[in-house]
Amino acid sequence: MKKKIAIITTSEITITSFLIDYIDKLSVLYSLTLILNIKDVKKFASLFEDKDVEVIDLKIYRGINVFQDFITLISLIKIFIRVNFDGIFSITPKAGLLSMFAGFLCRVKFRLHYFTGQVWVTRKGFQRFFLRNIDRLMGFLASNVLTECNSQKKFLEDEKIIKKNRLQVLANGSICGVDTNQFKPNNELKTKVRSSLGISQESILLLFLGRLNRDKGVLDLANVVKNIYQKNLSDNIQLLIIGPDEENIKNKVEVICKDFIKNIHFKDFTDEPEKFMAAADIFCLPSYREGFGMAALEAGACALPTVASKIYGLTDAVSENETGLFHAPGDVNGIEEAILKLVEDKNLRLDMGNKGRERTQNLFEKSYVTGEFMTYVNNSLSLYFKKKMVIISSTEISIRAFMQEQIKMLSNYYSVTVITNVQNFENFESALPRVNIINLNIKRDIDYLNDFICFIKLFIIFVKNKYQVVFSITPKGGFLAITSSYLARVKTRVHWYGGQVWVTRKGFQRFFLRNIDRLMGFLASNVLTECNSQKKFLEDEKIIKKNRLQVLANGSICGVDTNQFKPNNELKTKVRSSLGISQESILLLFLGRLNRDKGVLDLANVVKNIYQKNLSDNIQLLIIGPDEENIKNKVEVICKDFIKNIHFKDFTDEPEKFMAAADIFCLPSYREGFGMAALEAGACALPTVASKIYGLTDAVSENETGLFHAPGDVNGIEEAILKLVEDKNLRLDMGNKGRERTQNLFEKSYVTGEFVKYIKTLN
């Protein structure tokens, strides 16, 4: 079923001049209702008879009429309640105020107002104060605000009408762009139109096209023409003024130019402005205020140079000294000087005209601007109607390392919130655009008071925001998120099991942590794990009932970017030199957190044994990772006689550099969720020596991409390492197969895609 959108404006001309293309495109995707003041409803409706468009005639007057405006407001409220629109879009001040107010009261989610020119800019006293604050109120009531150009955006922000960064400009500006196939130079038309107006083909024709009122500066233009003829500065200038006369401007122009009236031509209205632009030589727009000055763009498309006031809006429509000349608003002498400069220099006129057409084609083509508007509306609407999803983790690094790409993809389909313990909020926020981030002090270790506070905060967040999906990773983040969301009655609660901490624990601690995992599995509506061996382990241990647990793709939480992780001989040489490691050495690499569960001390004992037994004199060990249990000092004690062969690095956010530098990757863990580092090493064409435990048996293919040993078996580790040290061909073969396997089964784009696909299937 199509979503329903209402477009509200004051007059028909706004629709026919600016929004026709929008309506054509919007009506394909949405059910549209146009609400405006219509002279002939039947005739106006006929413009849209083949489209999904309803037309409603509503008396929205431009001027202030408190009684009538109140009636219009009530009428809008009734319409909004009856139709239950998904979104409303207003343009023009009065229509904007009434529709934004009515939409706010009726709780329409998507309320878009498009700011055009500000009437109050040229007003003074109470009138300026009142109208200015009407604009502020519209900005407050709207959920989304657009404006026509960057100079207007800056003006509205500087004047504190709209808070900074709320206001958006689409494409390069303009409300609808210009059809450069409609607006274009046409010498045949030039001759024809001039003949019909009785204007010589040799005359320099100045053109003003717009509403005739004081704000448009038409009287200033009339005074310029009078001065030029009185001073005998030219006898070849004609002025054509086209537009509806709102303030008896025509008579005032005739009075000003009474002695030269034969050189002034009037036309009340045209629905073919391109004809008269094709006939002119210079376009004049001496306005005191403009939203954007669309007419200047259209003139540019017709290869006309423009003489215009240097005010916001026009400074975007006209490129100074390139497509036109500026003057100060109200500066008759400045207008005169600019016009005469173009009158006297034909080459300058032609050059500016050609550049104006080129600029309009490149930056303001109608199809491009319309497309940007459609993209904006589609994205904005989808944001308001997206399902809400929240992702919870104990640590920022878990999000960065494993979930960043998935979150970016999910944000296309969900309104995503991430809750984690954030260290650098600004940096973390920039890494996840379009994502709401909540910083919550979730500690990895047990802290009963802090854990209870986090639990209560999560419960409140879940109740308040009514998320459709809660997704958790890491044990502590999972426990708090799943229990609190269960109590908050969130329908879909997904927990992703990583490594089980309790596997290496004993006694009550093992019992307690094991049952925490069981409770999470019971309270979660959906459970995932990283690999098939872990799935079997959790089922065998009766943590999860059989067939409840699911593995996505071929396993792993996020896959590997094999364009990032790859063999690189140049990098190998460079990194080894920086570490003081010989290019001929066999470099063993451990990369991960430094604790007992990772088996780093076993690896240190292996290196000690190899050197003590003189089994090799060519082995170096590089250990990279944050030291959680004073492991570095313990390694230094174990290998004190061979410490020159051991290298340490606390942390790296470029693991691929060091994997490219190594020969053998070592992961002698006592427990792992999956062993992502083994996959990344495989992508870098490194063979892996690893413990034969769940997780690693999926990450490493035995005797194909690496060798296994029993966890804690120092002799087994030693044997496997020496086998690879002594057989270069075996190392290379296993490395090549590791890269091929990672590319075929664990490529990041594939794994991420499967994850997103899974989430989208959830109710």
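Derivation of every value follows stated rules applied to the coordinates shown; laboratory data play no part. These numbers come from a predicted model, not from an experiment. Cβ sites come from the backbone with ideal geometry, for glycine too, and all protein chains shown count toward neighbours.
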Hey, if you put +1 on the Cβ of every Lys and Arg and -1 on every Asp and Glu Cβ in the chain, which of Phe183, Thr395, Phe283 ends up farthest toward the positive end of that dipole?
-> Thr395
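Once you sort the root eigenvalues of the Cα gyration tensor of the range 1-88 as a ≥ b ≥ c, which label holds: rounded (a/c under 1.5), prolate (a/b larger than b/c) or oblate (the other case)? Walk me through the numbers on the way to the answer.
Numbers: a/c = 2.10, a/b = 1.32, b/c = 1.59.
It is oblate, given that a/c is not under 1.5 and a/b is not larger than b/c.
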Can you tell me the relative contact order of the range 569-746? Whole percent, Cα pairs under 8 Å, sequence separation 6 or more.
-> 23 percent
Eigenvalues of the alpha-carbon gyration tensor of the range 386-551, times 5 and square-rooted, give semi-axes in Å, largest first, of 25, 18, 16
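Once the Cβ-Cβ distance between Lys258 and Lys3 is put in as r, and R0 is 60 Å, what FRET efficiency do you end up with, to the nearest 0.05? Write down the numbers at each step before the final one.
Values: r = 58 Å, r/R0 = 0.97.
Step by step, r from the Cβ atoms, then E = 0.55.
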The answer for the net charge of residues other than Val28 whose Cβ lies under 11 angstrom from its Cβ, with Lys and Arg +1 and Asp and Glu -1, is +1
Which one, (1) 42.4; (2) 32.7; (3) 35.2, gives mean projected area of the Cα convex hull in nm² as derived from the coordinates shown?
-> (1)
Charge dipole of the range 386-551 about the Cα centre (unit charges at C-beta), most positive-ward option of Thr483, Gln423, Leu449 = Thr483
What is the spin-label model distance, in nm, from Lys346 to Glu740 if the labels are put 7 Å beyond Cα along the C-beta direction?
-> 7.5 nm
Net length gained if the chain between Glu246 and Asn563 were fully extended (0.36 nm per residue, minus Cα distance) = 107.6 nm
Nearest 10 degrees, 0 to 90: what angle lies between the long axis of helix 714-726 and the longest principal axis of the chain (Cα atoms)?
-> 70 degrees
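Kindly identify the range 305-347 as rounded, prolate or oblate by the Cα gyration tensor criterion: order the square roots of the eigenvalues as a ≥ b ≥ c, call it rounded if a/c is under 1.5, otherwise compare a/b with b/c, prolate if a/b is larger, else oblate. Before the final figure, lay out each step's value.
Details: a/c = 3.34, a/b = 1.23, b/c = 2.73.
The shape class here is oblate.
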Per the helix-only calculation at 222 nm, which mean residue ellipticity applies to the chain, given -39500 (n - 2.57) for every DSSP H run of n ≥ 4 and division by its residues, nearest 500 deg cm²/dmol?
-> -13500 deg cm²/dmol
Karplus 3J(HN,Hα) series, Hz, for the range 491-498 with 6.51 cos²θ - 1.76 cosθ + 1.60 (x for Gly, Pro) | 5, 10, 10, 10, 10, 9, 6, x
For the range 293-320 and the range 704-727, distance of Cα centres in Å | 75 Å
Would you mind pulling out the separation of the Cα centroids of the range 608-658 and the range 1-71, in Å?
-> 74 Å
Using only Cα atoms, tell me the angle between helix 125-141 and the longest principal axis of the chain; keep it within 0 to 90° and round to the nearest 10.
-> 40 degrees
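Relative contact order for the chain: what is it in percent, counting Cα pairs under 8 Å that are at least 6 residues apart? All intermediate terms of the calculation are to be shown ahead of the outcome.
Values: 1486 pairs, mean separation 57.2, N = 763.
It comes to 8 percent, rounded to a whole number.
Using the beta-carbon distance between Glu726 and Tyr448 and R0 = 51 Å, what value does 1/(1 + (r/R0)^6) give for FRET efficiency, to the nearest 0.05? Spell out each step's value before the answer.
Numbers: r = 53 Å, r/R0 = 1.04.
Efficiency computed from Cβ-Cβ geometry: 0.45.
Loop sites only, by DSSP: take the chymotrypsin sites (Phe, Trp or Tyr not before Pro) in the chain that have at most 12 other C-beta atoms within 10 Å and name the longest stretch containing none of them. Display every interim value, and only then the final one.
On the way: sites that count: Phe269, Phe651.
The answer is 270-650.
Tally Lys and Arg at +1 and Asp and Glu at -1 over the other residues with C-beta under 10 Å from the C-beta of Gly117: what net charge comes out? It would help to have the intermediate numbers written out before the result.
Details: positive: Arg289; negative: Glu148, Asp215, Glu290.
That works out to -2.
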So, counting K/R as plus one and D/E as minus one, what does the shell of residues with Cβ under 12 Å around Ala553 add up to?
-> -2
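Taking 8 Å as the Cα distance limit and 6 or more residues as the minimum spacing, I'd like the relative contact order of the range 386-551 as a percentage. Each step should come with its number before you reach the end.
Numbers: 279 pairs, mean separation 31.6, N = 166.
Relative contact order, the range 386-551: 19 percent.
How would the range 569-746 be classified by its alpha-carbon gyration tensor: rounded, prolate or oblate, with rounded meaning a/c under 1.5 and the a/b versus b/c comparison settling the rest?
Details: a/c = 1.29, a/b = 1.17, b/c = 1.10.
Rounded, since a/c falls under 1.5.
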Helix 332-344 versus the longest principal axis of the chain: what is the Cα-based angle in degrees, 0 to 90, to the nearest 10?
-> 90 degrees
Spin-label model distance (nm) - Ile77 vs Tyr229, 7 Å beyond Cα toward Cβ | 5.7 nm
